[in-house]
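Q: Attaching a single structure in structure tokens format; questions to follow.
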Amino acid sequence: MVEPDERSWAEAVDMYARRYTIAKVTAREHEEWVFDVHALMRGDTPDARGWRVNDPLAGELERADDPYYPFVELPTEPAKVDALRGRLHEIPRSSAKKFLVALSTPWLNVEKEQDFEERRAGLEEKADVILSRFPQGSRFFANTGRDNENQDYYKHISGCNTISRHVWDLGLFLVSDSEVGMVWSFHAW
């Protein structure tokens, strides 16, 4: 697996620019990686390497009073870490790749993408770049329900365990020994 560079990372993260999606990575500072998620949820968290982040809420009024907006499940203490972990389920790398692609679609639903087959290879290449920042041995956690291991993320995703103020959010935490990443998409109906 080839390590991404700043340019390839920016191009990969750009697939989320047309969605209400937060995509960023922070340095891992805790044995329990969920504590590092707290930093990711803060709106002004820079990328661990100084690379591009996608945060459509940067500079928005909602963050003036609450720098963690739109998140409400903040893992700041052991009980809250357990609560957040209870909303997540580990998925294999192959599923994480498909989920990263699905999170870039306008309706968070690959089946609604009329030109998906034409765009599929390019989107999967971008997902591979994102995953390449997380070497073998990394772990991936989604909030799409108990049957994550069998979920085909190119099919309709019928459920989620929200961690935001919105009624529907889908996301993935990417965890290596040195970094923790987040790609989280929202429907703000």
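The values are calculated or read from the model by the stated rules, or taken from the named source; none is laboratory data. What you see is a predicted model; the values in this text were computed from it and never measured. Neighbour counts run over all protein chains shown; Cβ positions are idealised from the backbone, glycine included. In case anyone asks, the SASA skips ligands and DNA or RNA and just uses the protein heavy atoms, side chains included. Shrake-Rupley method; radii C 1.70, N 1.55, O 1.52, S 1.80 Å.
Q: Just to be sure before I move on: is GLN136 closer than 15 Å to LYS97 by Cβ and loosely packed, with under 15 Cβ neighbours inside 10 Å in the structure I sent?
A: For GLN136, the condition - closer than 15 Å to LYS97 by Cβ and loosely packed, with under 15 Cβ neighbours inside 10 Å - is met.
Q: Consider VAL2 against the criteria (1) open to solvent by 80 Å² or more (accessible area, probe 1.4 Å); (2) part of a helix (DSSP H, G or I); (3) in contact (Cβ under 8 Å) with a residue 60 or more places away in the chain: it satisfies all of them except one. Which criterion is unmet?
A: Here VAL2 clears every test but (2).
Q: Follow-up. Does any residue of region 44-56 turn out to be surrounded by 18 or more Cβ atoms within 10 Å (Cβ to Cβ) and part of a helix (DSSP H, G or I)?
A: no
Q: Can you give me the number of residues within region 132-182 that are outside any loop (DSSP other than H, G, I, E, B) and in contact with a helix residue (DSSP H, G or I) (Cβ under 6 Å, 6 or more places away or on another chain)? Break it down into steps so the answer makes sense when it comes.
A: So the first thing to find is which residues in region 132-182 are outside any loop (DSSP other than H, G, I, E, B), and the list is 132, 139-142, 148-150, 164, 168-175, 179-182.
Filter once more, keeping what is in contact with a helix residue (DSSP H, G or I) (Cβ under 6 Å, 6 or more places away or on another chain): 140, 142, 172, 180, 182.
Of the residues in that region, 5 qualify.
Q: Tell me, yes or no, whether region 173-188 has at least one residue that is crowded, with 20+ Cβ neighbours inside 10 Å and either basic (Lys, Arg) or free of Cβ contacts under 8 Å to residues at least 60 places away in the same chain (or both).
A: Checking region 173-188: not a single residue is crowded, with 20+ Cβ neighbours inside 10 Å and either basic (Lys, Arg) or free of Cβ contacts under 8 Å to residues at least 60 places away in the same chain (or both).
Q: Moving to a separate point now. Residue under question is GLY159, and the condition is that it be touching a residue at least 24 places away in the same chain (Cβ under 8 Å), among the small types (Gly, Ala, Ser) and surrounded by fewer than 18 Cβ atoms within 10 Å (Cβ to Cβ); does it hold?
A: It is false that GLY159 is touching a residue at least 24 places away in the same chain (Cβ under 8 Å), among the small types (Gly, Ala, Ser) and surrounded by fewer than 18 Cβ atoms within 10 Å (Cβ to Cβ).
Q: Could you list, in sequence order, the residues of region 77-95 that are assigned to a loop (DSSP other than H, G, I, E, B) and surrounded by 15 or more Cβ atoms within 10 Å (Cβ to Cβ)?
A: Of the residues in region 77-95, the ones assigned to a loop (DSSP other than H, G, I, E, B) are 77, 86-88, 92.
Those that are assigned to a loop (DSSP other than H, G, I, E, B) and surrounded by 15 or more Cβ atoms within 10 Å (Cβ to Cβ): ARG87, LEU88.
Yes/no matrix, rows are residues, columns are (1) among the charged types (D, E, K, R); (2) under 19 Å from THR21 (Cβ atoms):
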| residue | (1), (2) |
| --- | --- |
| ASP128 | yes, yes |
| LEU131 | no, yes |
| PHE134 | no, yes |
| ASN143 | no, yes |
| ARG146 | yes, no |
| ILE163 | no, yes |
| SER185 | no, yes |
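Q: Among the residues of region 108-131, count how many are outside any helix (DSSP H, G or I) and open to solvent by 60 Å² or more (accessible area, probe 1.4 Å).
A: Keep residues of region 108-131 that are outside any helix (DSSP H, G or I), which gives 108-109, 113-115.
Adding the requirement that they be open to solvent by 60 Å² or more (accessible area, probe 1.4 Å) leaves 114-115.
Within region 108-131, residues that are outside any helix (DSSP H, G or I) and open to solvent by 60 Å² or more (accessible area, probe 1.4 Å) number 2.
Q: Pairs needed: first member in region 36-50, within 18 Å of GLU62 (Cα to Cα); second member anywhere, of a type in the set (Asp, Glu) and modelled with pLDDT of 90 or more; C-beta distance under 7 Å; at least 6 residues apart or different chains.
A: Listed by first residue and then by second, the contacts come to GLY43/ASP55.
Q: Tally the residues that are at negative phi and open to solvent by 10 Å² or more (accessible area, probe 1.4 Å), restricting the search to region 142-156.
A: Looking only at that region, the number is 10.
Q: Could you pull out the residue among ARG133, ARG139, ARG93 that is of a type in the set (Lys, Arg) and either touching a Pro at 6+ places or on another chain (Cβ under 8 Å) or more than 21 Å from ASP36 (Cα to Cα) (or both)? Talk me through it step by step, then tell me what you get.
A: Values: ARG139 fails: either touching a Pro at 6+ places or on another chain (Cβ under 8 Å) or more than 21 Å from ASP36 (Cα to Cα) (or both); ARG93 fails: either touching a Pro at 6+ places or on another chain (Cβ under 8 Å) or more than 21 Å from ASP36 (Cα to Cα) (or both).
One residue alone meets the criteria, ARG133.
Q: Also, quick follow-up: How many residues are under 15 Å from the mean Cα position of the chain (by Cα), within 19 Å of PHE141 (Cα to Cα) and of a type in the set (A, V, I, L, M) if we restrict to region 46-86?
A: 1
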